[in-house]
Amino acid sequence: MSFILVLHEYGFMKLLFVLLCVLSQGEGSDEFNYVTCGSVVKLLNTRHNVRLHSHDVKYGSGSGQQSVTGVEAADDANSYWRIRGKPNNACQRGAPIKCGQTIRLTHMSTGRNLHSHHFVSPLSGNQEVSAFGESGEGDDLDVWAVQCSGTYWERDDGVRFKHSGTDVFLSITGEQYGHPIRGQKEVHGMQGPNSNSQWKTMEGVFIKPSTEPLRHDEL
């Protein structure tokens, strides 16, 4: 991701985030292969080839909270999510995310967290996934466990996100919305893991792993 694109999509205040961190594009270096705390990423559903997305459009049913969808466009700025520790347990900026670790995904544009709860999703009748909270603070239903095959979440690996509160997996099965978000696909929670719940990181700002002693310093 180019410096100019970061400036265009994030604006000045979010650019400060970039300037305060060491960016890692680092091809061929093992220390740059991991997804780390504080990184800002787009997440691609590999089965349906859409990126996890949100926007200030609320569901017309269920919880009425901010909707979460999948979009095909690779250049949509509303598809950036920041990786954070769970409430009251911040992760160190730049620390690699371990397989099995619990995290929050905070939507960069609106400051709301990826969330799920026992509401029915509007199209498929699965479990609703929404964006919830204000300025990055919501509740315990914002927490997801990263499921991957190794020790750490690697940037090129397919992973799953299991909701800690209800045990569903973040999934897409292809149902499409009409107006006002025509063509965007429903994101929901499903009880079992399958090809619809596979994700990988795409565009983003990846924070270099820290060599400093561990401290609670979540960005």
- prompt: What residues qualify as long-range amide H neighbours of GLN127, i.e. H under 5 Å apart, gap of 5 or more or another chain, H built at 1.01 Å from N?
  reply: SER121, GLY189
- prompt: Over 21 Å between Cα atoms, which of LYS42/LYS208; LYS58/LYS86; LYS58/LYS185 qualify?
  reply: LYS58/LYS86
- request: Over the alpha-carbon set of the range 95-180, divide Rg by the Kirkwood Rh and report the Rg/Rh ratio to two decimals.
  value: 0.99
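Can you tell me which of 121-127, 102-108 comes out highest on packing, and rank the rest after it, using the mean Cβ neighbours within 10 Å? Spell out each step's value before the answer.
Working: 121-127: 17.6, 102-108: 21.7.
Peptide ranking by packing, descending: 102-108, 121-127.
Quick note: the coordinates plus some simple rules give every number you see, no bench work behind them. Just so you know, these numbers come straight off a predicted model, no measurement behind them. Neighbour counts are summed over all protein chains in view; Cβ atoms, including those assigned to glycine, are modelled from backbone coordinates with ideal geometry.
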